[in-house]
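Enquirer: Next up is a structure, given as structure tokens.
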Amino acid sequence: MNKLIFLKVYALVFFFSVAINAQQTVLVHSIQEFNTAVSEAKPGTNIVLANGVWQDAELLFEGEGSVSKPIKLSAEEKGKVTLEGQSYLQIAGSYLHVEGLVFKNGYTPTNEVISFRKNNKTLAYHSRLSECVIDNYSNPERHEQDSWVALYGKNNRVDHNHFEGKGNRGVTLIVRLNSKESIENNHTIEGNYFGPRQNLGSNGGETLRVGTSHFSMEKSKTIVQGNYFDRCDGEHEIISNKCDQTTFKNNVFFESIGTLTMRHGDETWVEGNVFLGNRKRNTGGIRVINGQQTVKNNYGYGLTGYRFRGALVVMNGVPNSPLNRYFQVEDAVIENNVFVNSDHVQLCAGSDDERSATPLNSTFKNNTFYLDKESELVTVYDDISGIEFDNNRTNFPINPNMTEGFKVKKMSLVKDRHGLLMPKIGRKIISPDLADVLPSKENTGTSFYSKEDKRIAFESGKTHTVSAGVNTLFDAIKNSKPGDILELNESLPYELTKLPLIKHPLTIRATSGTNPMILWEKKAAFDIVNGGELRLKGLSFDGENAPDGSGNAVIRTSKYSMNKNYSLRIEDCAFNNLDVNHSFDVISIYKNTFADEIHIENSTFNNITGHVMALDRETDDVGIYNAEFVTLINNKFTNIQGTVLSLHRGGKDESTFGPFLYLDHCTLENVGFGSRNKYQTALSLYGVQDIVIKNSVFTNTKNIKMHLVVGEPIVNVSNIQMDQAGQIEVSGDQKYTLGKVFTKETNPSDLIGTDNAPLGVRINK
Ligand code: CA
């Protein structure tokens, strides 16, 4: 082709395509214009939302495109079109493509932010959602349920989207199989960035679910591949698969708590996935339930989870299981998986009177486990004769009862081409067959939306010095910015006649060598409201100015639902004379709030008419609770009429990890005897799943009460001294209690985790 002809042809094609595009692209500025454009759209039409904020936009994108000419809904400029308030989107018809929309600053008034259907009858087919963002678009009511994306219909694709910060109950992305039009759907979910999701503290925090137990006998044929799950910590199940024939391939799970769970349905294919726990607590891998499951070429590093969130878990089933319980594992193929420094492989997990059906006709071959030091890697809960073990390798003996099918080999660790640490035996690197390019934070999601962490750390902001006086502290709190430090530099009273709201992470601390005193006149000194987090250090609190009425507190949470978790840290503080009237607590919390941690260290508490803290406001007994990690180290509690701690998780749900209690080097004296203490104990632990109490002295206290229920609670009580007044009282499922609790009658050799550290607080304050 000579140059001139080439240019002419080029120009012709160029002008032709401009003309077509001009005809087909419709820029809309309002819902009315959008609706008109949708009703007039033909295959090839591109409906473009104008830049700006679309408030309360209810978008129904319905139409019939074609394979070569889909109808498109896009943004004038990606990242500059945001749907806010009570906006949501429905996609219905076929060959529709939605691209580049951002949902934030609001929540859906319906059950789904983006729904691949208009109603039960009109679903979406051959349609695509790409480069869209849903960021913190959470219902303010923590336990009000919704989903962010719901797939219905068939042959749809969800790719390169960014989903981050779901704070309320409900699955982030759900594939529904609730009618024949949505079964064998061949959906593809790929290249998405699933950003951080906080611990919900209840069931209902799954990041991805395919199917429901009701339709679990149906085939999904959904493929989930190349996605990046970044700290998806909602609950036990990062992914809950609940139907037949789903494929999970080449996904990366970065420091995510929980497991990829084959909850219901057979013939799931789990291959080439990477689980990077990096020793974060409760990170897990893969949980196998049901028939004909394939688990091969997966890799795990630093997975610490135990029981249902182990690195690799094969569960027991229920004989003749109802749809919503556990089907027996049958014909499972578990091969060529590699786990490095991952703590727990659980076989026949969940074995109990109900879950008594052990795995059948399954193979466990060519798997490799590397450990830095010898530990009990494999726990066997029941009969494993239905699993054939062959040619598995470890570098330490794994379990004295399991020698068949495991070889102990000398191993070293080397980095593979992805930078992952792999075991090396002799000259051979043992590496599962992973994809050439693994999904990462950089290559998943959108290119235009930031993946920077939004949670702001304590003490990451500016330091402001605050002088003593009336409401100087109130004003400083009001003017503070997220992450700031307020430093109180005078050993004088800081009086609060107004109640400050803690709206963001904030540290209030004494300048070294000073002892500031906080006095307050409202019912509390501080209220932590949604988004707030508080760290107190070196301060004294005295309740003398508090109003003469019952139910005061030092620190309260919001009375209203908080859809953001908070952290409360108290160090080197003193709390005295909370006794102007009855039921004066140190920390008082409300329903629908959740603390990731409450940490109290080196502090003293004296003369208090209420509880130090009662974390007991979820009384529906459906497995919801108020705090994950409660840590009490080196504290002195004297003359407390209520409990030092009441921690409550009611019901029999098994979807959560906590609550956890760690109590070390504390002394309790004269605790729990108030007539208004409804628990009539010093410590009330109801449904707590992990309890450590050690190196502590209980003098003239009411009992420690533990009610142990589901979740195989771990109880480790050691090196404590209790006088005649106190006992440890255990109730609940007795099988969890035998031999697990030390009381003063117990022979010291029965101590669990014997610890010869000195008793009581280390520094006499
Ligand atoms: Ca769940």
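The values are calculated or read from the model by the stated rules, or taken from the named source; none is laboratory data. Predicted model only: the values in this text are computed from it and were never measured. Note: ideal-geometry Cβ built from the backbone for every residue, glycine included; neighbour counts use all protein chains shown. These area figures cover heavy atoms from the full protein model, side chains too; ligands, DNA and RNA do not enter into them. Shrake-Rupley method; radii C 1.70, N 1.55, O 1.52, S 1.80 Å.
Enquirer: Just give me the residues in the stretch 276-302 being open to solvent by less than 20 Å² (accessible area, probe 1.4 Å) and under 15 Å from the mean Cα position of the chain (by Cα), in sequence order.
Expert: Correct list: 277, 282, 283, 284, 285.
Enquirer: Next question, about the same structure. Just the residues that are assigned to a loop (DSSP other than H, G, I, E, B) and among the acidic types (Asp, Glu), please, taken from the stretch 72-117.
Expert: Selection gives 76, 77.
Enquirer: Same structure again: With the condition kept exactly as written, say whether any residue in the stretch 166-181 is surrounded by fewer than 20 Cβ atoms within 10 Å (Cβ to Cβ) and either within 16 Å of the ligand (Cβ to nearest atom) or within 29 Å of residue 435 (Cα to Cα) (or both).
Expert: no
Enquirer: Now for a different question. When you go through 434, 371, 421, 377 one by one, which is the residue that is closer than 30 Å to residue 331 by Cβ, under 27 Å from the mean Cα position of the chain (by Cα) and outside the structural domain of residue 346 (by TED's automatic domain parsing)?
Expert: That would be 434, the only listed residue that is closer than 30 Å to residue 331 by Cβ, under 27 Å from the mean Cα position of the chain (by Cα) and outside the structural domain of residue 346 (by TED's automatic domain parsing).
Enquirer: Take residue 200 and decide whether it is within 15 Å of the ligand (Cβ to nearest atom) and out of contact with any strand residue (DSSP E or B) (no Cβ under 9 Å at 6 or more places or on another chain).
Expert: Here the answer is yes, as residue 200 does meet what is asked.
Enquirer: What pairs come up if the first residue lies in the stretch 522-533 and is more than 19 Å from residue 105 (Cβ to Cβ) and open to solvent by 30 Å² or more (accessible area, probe 1.4 Å), the second is hydroxyl-bearing (Ser, Thr, Tyr) and part of a loop (DSSP other than H, G, I, E, B), and their beta carbons are under 8 Å apart, counting only those six or more places apart or on different chains?
Expert: Within 8 Å, the pairs are 522/497.
Enquirer: Let me ask something additional. Of the residues 715, 697, which is open to solvent by 10 Å² or more (accessible area, probe 1.4 Å) and at pLDDT below 95?
Expert: So the residue among 715, 697 that is open to solvent by 10 Å² or more (accessible area, probe 1.4 Å) and at pLDDT below 95 is 697.
Enquirer: Is there a residue being within 30 Å of residue 297 (Cα to Cα), open to solvent by 30 Å² or more (accessible area, probe 1.4 Å) and among the basic types (Lys, Arg) anywhere in the stretch 475-490?
Expert: No, the stretch 475-490 contains no residue that is within 30 Å of residue 297 (Cα to Cα), open to solvent by 30 Å² or more (accessible area, probe 1.4 Å) and among the basic types (Lys, Arg).
Enquirer: While we're looking at this one, here's another question. Where in the stretch 204-296 are there strands (runs of 3 or more DSSP E), lying fully within it, with 2 or more residues that are small (Gly, Ala, Ser) and either assigned by TED's automatic domain parsing to the domain that holds residue 347 or within 15 Å of the ligand (Cβ to nearest atom) (or both)?
Expert: Strands (runs of 3 or more DSSP E) meeting the threshold: 283-288.
Enquirer: For the stretch 433-489, enumerate the residues that are part of a helix (DSSP H, G or I) and of a type in the set (Gly, Ala, Ser).
Expert: 476
Enquirer: Residues being surrounded by fewer than 21 Cβ atoms within 10 Å (Cβ to Cβ) and touching a helix residue (DSSP H, G or I) at 6+ places or on another chain (Cβ under 8 Å): count how many of those fall in the stretch 500-521.
Expert: 3
Enquirer: Answer yes or no: is there a residue in the stretch 589-607 that is more than 30 Å from the chain's Cα centre (by Cα) and under 19 Å from residue 527 (Cβ atoms).
Expert: No, there is no match, as no residue in the stretch 589-607 is more than 30 Å from the chain's Cα centre (by Cα) and under 19 Å from residue 527 (Cβ atoms).
Enquirer: Going by what's in this entry, would residue 323 be described as open to solvent by less than 50 Å² (accessible area, probe 1.4 Å) and touching a residue at least 40 places away in the same chain (Cβ under 8 Å)?
Expert: Considered against the rule, which asks whether it is open to solvent by less than 50 Å² (accessible area, probe 1.4 Å) and touching a residue at least 40 places away in the same chain (Cβ under 8 Å), residue 323 comes out as no.
Enquirer: Determine which single condition residue 634 fails, assuming it passes every other condition in (1) touching a Cys at 6+ places or on another chain (Cβ under 9 Å); (2) open to solvent by less than 20 Å² (accessible area, probe 1.4 Å); (3) on the phi < 0 side of the Ramachandran plot.
Expert: Here residue 634 clears every test but (3).
Enquirer: Considering only residues that are more than 17 Å from the chain's Cα centre (by Cα), within 24 Å of residue 74 (Cβ to Cβ) and assigned to a loop (DSSP other than H, G, I, E, B), which ones fall in the stretch 123-176?
Expert: Of everything in the stretch 123-176, those that are more than 17 Å from the chain's Cα centre (by Cα), within 24 Å of residue 74 (Cβ to Cβ) and assigned to a loop (DSSP other than H, G, I, E, B) turn out to be 126, 127, 131, 132, 152, 153, 155, 156, 160, 161.
Enquirer: Looking only at the stretch 269-281, decide whether some residue is among the basic types (Lys, Arg) and closer than 22 Å to residue 214 by Cα.
Expert: Looking for residues that are among the basic types (Lys, Arg) and closer than 22 Å to residue 214 by Cα, one finds none in the stretch 269-281, hence no.
Enquirer: Is at least one residue of the stretch 416-432 open to solvent by 70 Å² or more (accessible area, probe 1.4 Å), assigned to a loop (DSSP other than H, G, I, E, B) and touching a residue at least 60 places away in the same chain (Cβ under 8 Å)?
Expert: Checked against the condition, which is being open to solvent by 70 Å² or more (accessible area, probe 1.4 Å), assigned to a loop (DSSP other than H, G, I, E, B) and touching a residue at least 60 places away in the same chain (Cβ under 8 Å), the stretch 416-432 yields no hits at all.
Enquirer: Every residue in the stretch 136-163 that is among the acidic types (Asp, Glu) and open to solvent by less than 10 Å² (accessible area, probe 1.4 Å), please.
Expert: Of everything in the stretch 136-163, those that are among the acidic types (Asp, Glu) and open to solvent by less than 10 Å² (accessible area, probe 1.4 Å) turn out to be 146, 159.
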